[in-house]
Amino acid sequence: GHICLNLSPAAGKILGEGEGAVICPALGPWLEALGKSPVVGRPGDFRPLILEGTRLYLYRYWDYEVKLAGFLGERSKGKETGLDLPLLKGGLARLFPREDGGEINWQKAAAFASVWKRLCVISGGPGTGKTFTVARILALHLEQSGGKTLRIALAAPTGKAAARLRESIREAKGRLNSPPA
């Protein structure tokens, strides 16, 4: 489930059971031995393994992480320009009607952030309304586009989640309080 091995938690411990068990060295000697290995490099080196702090990566996964972090960092800079704020305010009010209770509507906040910023990550546990929120977010973006073609990328952690997202957006289209276009 991880793209690297963080050596700190494993240092000095026994990993696995029976004949397959491995006793990990203490952190200091382990890092020293890895630093001397010709197959282990530091960030920026081109070696099969990369040691960054106490995290040991296969080069390919270290490179993926660096490129993805760079892309996300660049994408998250700044805000969108040319927004029609009255249209956005009306769309938010229409798609996320005010509920009694005075609590913050986090779905509405996420929708605002997705229009205001160039990058938005929507997360939450099962049944929290992520997919319906995404459909409403898409409606807000389409309203802001003024009919221009948009390029929108949606990602999900699994094929099943991606299929569910696609299905939910199709279903939500008919239920949105939004113009048909």
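In region 108-181, what is the volume of the convex hull around the alpha carbon atoms, normalised per residue and reported in Å³?
Value for region 108-181: 101 Å³ per residue.
With +1 on each Lys and Arg Cβ and -1 on each Asp and Glu Cβ, how big is the dipole of the chain about its Cα centre, in debye rounded to the nearest 20?
The calculation lands at about 700 debye.
Can you pull out the chymotrypsin sites (Phe, Trp or Tyr not before Pro) in region 34-85 whose DSSP state is coil and whose Cβ has at most 15 other Cβ atoms within 10 Å?
The qualifying sites are Phe46.
Spin-label point model (7 Å from Cα, Cβ direction): what's the Ser145 to Thr158 distance in nm?
3.0
After finding the eigenvalues of the alpha carbon gyration tensor for region 88-131, what semi-axes result from the square roots of 5 times each, listed largest first in whole Å?
Semi-axes from the Cα gyration tensor: 17, 16, 8 Å.
What value, in deg cm²/dmol to 500, does the helix sum -39500 (n - 2.57) over DSSP H runs of n ≥ 4 give at 222 nm once divided by the residues of the chain?
The per-residue figure over the chain is -14500 deg cm²/dmol.
Less than 14 Å Cβ to Cβ from Arg75, Lys/Arg counted +1 and Asp/Glu -1: what total charge do the surrounding residues give?
So the environment of Arg75 carries a net charge of +4.
For Cys24, what charge total do you get from the other residues with a beta carbon under 15 Å from its beta carbon, if Lys and Arg give +1 and Asp and Glu give -1?
Residues near Cys24 contribute 0 overall.
Please identify, among Val39, Val66, Val22, the residue showing maximal mean-square fluctuation in a Gaussian network model of the chain using a 10 angstrom Cα cutoff.
Among Val39, Val66, Val22, the largest mean-square fluctuation in the Gaussian network model of the chain belongs to Val22.
Tell me, what is the FRET efficiency for Leu83 and Ser123 to the nearest 0.05, using R0 = 25 angstrom and their Cβ-Cβ distance as r?
The formula returns an efficiency of 0.55 here.
Relative contact order for the chain: what is it in percent, counting Cα pairs under 8 Å that are at least 6 residues apart?
Once divided by the residue count of the chain, the mean separation gives 15 percent.
For the pairs Lys67/Lys130; Lys67/Lys148; Lys89/Lys148; Lys89/Lys130; Lys77/Lys160; Lys130/Lys173, note any where the Cα-Cα span goes beyond 23 Å.
Lys67/Lys130; Lys67/Lys148; Lys77/Lys160
By how many nm would the segment from Cys24 to Ile3 grow when fully extended, if each residue of separation counts as 0.36 nm and the alpha-carbon distance is taken off?
That works out to 5.7 nm of additional length.
Relative to the present Cα-Cα distance, how much length would full extension add between Arg94 and Glu65 at 0.36 nm per residue of separation?
Full extension of this stretch gives 6.6 nm more.
Post the alpha-carbon centroid distance, region 108-181 to region 26-40, in whole angstrom.
Using only Cα atoms, the two centres lie 46 Å from each other.
Run the numbers on region 1-73 and let me know its relative contact order in percent, using alpha-carbon pairs under 8 Å that are six or more apart.
Relative CO of region 1-73 lands at 27 percent.
Can you compute the FRET efficiency between Ile104 and Asn177 using 1/(1 + (r/R0)^6), with r the Cβ-Cβ distance and R0 = 25 Å? Round to the nearest 0.05.
Calculated transfer efficiency: 0.75.
List the residues, sorted by chain then number, that are 5 or more residues from Leu56 or on another chain and whose placed amide H is less than 5 Å from its amide H.
Leu5, Asn6, Leu7
Please express the shape of region 1-88 as an equivalent ellipsoid: the semi-axes are the square roots of 5 times the eigenvalues of the C-alpha gyration tensor, given largest first in whole angstrom.
39, 17, 11
What are the principal axis extents of the Cα atoms in the chain, in Å, biggest first?
Taking the Cα atoms of the chain, the three principal extents are 63, 36, 32 Å.
Coordinate-derived values only; no laboratory data. All values derive from a computational prediction rather than experimental measurement. Neighbour counts run over all protein chains shown; Cβ positions are idealised from the backbone, glycine included.
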